[in-house]
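Notes to accompany the following structure.
Coordinate-derived values only; no laboratory data. Bear in mind the structure is a predicted one, so any value in this text is a computation, not a measurement. In this analysis, Cβ positions are derived from the backbone assuming ideal geometry, glycine residues included, and neighbour counts consider all displayed protein chains.
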Amino acid sequence: MSKKQIKAVIFDIGGVLELGYSSKRKIKGHVNLGVHNYIARNLGISIDQWFDSIDTIYAASITGEISESKVLDIISKNTKTLKQKLKKIIIQSYKKNFKQNKDLYKFAFKIKKQGYKIAILSDQWYFSKQVLIPNKLTKKFNVVVVSCDVGFRKPKPEIYKIILRKLKLPAKSCIFIDNQTWNLAPAKKIGIKTILYKNNKQLFRQLKKLGVKIK
């Protein structure tokens, strides 16, 4: 395939455009062990109790099968926490546990100016979406497809077809970047070029090989 055929670059959010902090990072004297541990700690329950309280609700919310309001109703009841407080803790957990990959965002916006389309393809539930995919930032992308909005999540083939339709491009003209191999396999199967994200240096090198670089 000619390098000139690449017309769009599709980015995952978690682990690519938004990076999780190290598990050794401390927040107010506590070791940060991730989003869910942060939530459990601030609710005053064990991590097992937290997972029990979200059970199938978490998965259902990622594909938008139930509303944000219903999710809060159920988890609030299960954890015996006021909905307003619960949402605040969940939102805060994502703010504490992720940071923007600023260099990659800058790269994306620069290649957009060069004529490439840039897109986001991400699995999120309502609360992580509010933090990790803020409109003020993502409105700069040509297309944004989030699982809780479209009813499908990776690695379901449907979600890759949705983003291609929105981009109005054939699979062979697109590159998809994700940090999980199982999310790349279905994209590759339908003809999308894929890159397993490890770090920015490695990503820029592989994009350059495919003809995508800042002029």
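Between ASP149 and ILE66, full extension at 0.36 nm per residue minus the direct alpha carbon distance yields a gain of 28.8 nm. Considering every alpha-carbon pair of the chain, the percent of pairs per 10 Å bin, from zero through the bin containing the longest distance, is 8, 32, 33, 19, 7, 1.
In sequence order, the range 71-86 has phi-based couplings of 4, 5, 4, 5, 5, 4, 5, 5, 9, 6, 10, 4, 4, 4, 5, 4 Hz under the Karplus curve 6.51 cos²θ - 1.76 cosθ + 1.60, θ = phi - 60°, and Gly or Pro positions carry x. Based on C-alpha pairs under 8 angstrom that are at least 6 apart in sequence, the chain has a relative contact order of 28 percent. For the range 105-112, putting each phi into the Karplus relation 6.51 cos²θ - 1.76 cosθ + 1.60 with θ = phi - 60° gives couplings of 4, 4, 4, 4, 5, 6, 6, 4 Hz, in residue order, rounded to whole numbers and with x for Gly and Pro. Listed values for the range 145-161 are Karplus-derived 3J(HN,Hα) couplings in whole Hz (6.51 cos²θ - 1.76 cosθ + 1.60, θ = phi - 60°), namely 10, 10, 3, 5, 8, 10, x, 9, 10, 5, x, 4, x, 4, 5, 6, 5, and x replaces Gly and Pro. Legend: residue pairs LYS161/LYS213; LYS106/LYS209; LYS156/LYS189; LYS87/LYS139; LYS7/LYS172, Cα-Cα distance threshold 21 Å; pairs beyond threshold, LYS161/LYS213; LYS87/LYS139. Close amide H pairs (under 5 Å, H built 1.01 Å from N) link ILE120 with PHE11, VAL143, VAL144, VAL145, residues at least 5 positions away or on another chain. For the range 26-98, the relative contact order works out to 35 percent when only alpha carbon pairs closer than 8 Å and six or more residues apart are counted.
Legend: ranking of residues ASP12, ASP149, ASP55, ASP178 from fewest to most surrounding C-beta atoms inside 10 Å; resulting order ASP55, ASP149, ASP12, ASP178.
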